[in-house]
Amino acid sequence: MRYKLLKFGVAGLSVTLVLWFTPVLSIVLTRIGMSSILAAMYKDAILFMALAAFLLPTLYALCRLRSVKSSRIRKKFPDTRPRESGLDYDRITQ
């Protein structure tokens, strides 16, 4: 459940990249009789929008996952250094 957004983004990115770099889209649309929209679909603007639509959720999920992992590490190993209390940390550790 917690990787749902990441899975969605990666799946969408992979499908978009396959459609962009291979002739899969033209083969599929020709087979189902919709080859007339190929001119509109192969414009880079539509594929760039599809790429961005899947890239943004993927990046958001990765950042969220990274922050969750770092907060778990912080809880497990709390920072024991003195906080701006006027103490000289270098002098204490020597």
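Quick rundown of the values:
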item: Single residue of S26, S67, S14, S36 found to be of a type in the set (S, T, Y), assigned to a helix (DSSP H, G or I) and surrounded by 12 or more Cβ atoms within 10 Å (Cβ to Cβ); result: S26
item: The range 1-11: number of residues that are assigned to a helix (DSSP H, G or I), hydrophobic (A, V, I, L, M, F, W, C) and out of contact with any helix residue (DSSP H, G or I) (no Cβ under 7 Å at 6 or more places or on another chain); result: 1
item: Subset of the range 1-50 that is within 16 Å of the chain's Cα centre (by Cα) and not hydrophobic (A, V, I, L, M, F, W, C) - its residue that is farthest from L62 (Cα to Cα); result: T16
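Every number here is computed from the coordinates shown, using simple stated rules; none is lab data. This is a predicted model, so every value here is computed, not measured. FYI the Cβ positions are ideal-geometry reconstructions off the backbone, even for glycines, and counts take in every protein chain you see.
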